[in-house]
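See structure below.
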Amino acid sequence: MGDLRRMLGVLRHSGGALEPRAPQPGVDQLYALIQGARDAGKAVELTVEGEPGTLAAGIELGLYRLLETSLASTASARPGVSLRFGPDDIELELRQDGAATPAWPLQLMRERVWLCDGDVLSRPDESEFIARLPRGSEPAFA
């Protein structure tokens, strides 16, 4: 995937020196993402179970983008985030505690999960979003 991105970058480039490309974000940047939300005034509650181990790059990017999207769009002052790393799958649970109206872009979030061959569960009032992603899947685009 990295090689493909570099080739596409070359094709899009109109001349001059190429700017260095940063690696795609992944699980190791989740804590920085949560700290950024905390610095912005949201009291994010985080729980993590298990160890991430080695994950497919597309799954890591998918997890990062799901969390990024939810934290940016939630109206909750105390969003909750739970990550469970199991032997076969990863579960990301997002909660909007105390939000009057959930503001998640649910269709976008569902599509991202489906691109990762995952499943989506959510409560009828949409205050909770649960994504289950397979540990061994390598999606084309996350």
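What FRET efficiency would be calculated for the residue pair ALA32, VAL120, taking the C-beta separation as r and a Förster radius of 30 Å, to the nearest 0.05? Between ALA32 and VAL120 the formula returns 0.75. Close amide H pairs (under 5 Å, H built 1.01 Å from N) link ILE90 with LEU133, ARG135, residues at least 5 positions away or on another chain. Highest-first packing order for the peptide set 70-77, 52-59 is 70-77, 52-59, based on the mean count of other beta carbon atoms within 10 Å. A simple rule links phi to the HN-Hα coupling: the Karplus curve 6.51 cos²θ - 1.76 cosθ + 1.60 with θ = phi - 60°, which for region 44-56 gives 5, 9, 10, 10, 10, 10, x, 10, x, x, 8, 10, 5 Hz, with x for Gly and Pro.
Model label sites at LEU108 and ALA22, defined 7 Å from Cα along the beta-carbon direction, differ in position by 1.8 nm.
We did not get these values from a lab; they are worked out from the coordinates using the rules stated. Predicted model, so just to flag it, every value in this text is computed and none were measured. Glycine gets a Cβ as well: all are built from the backbone with ideal geometry, and neighbour counts include every protein chain shown.
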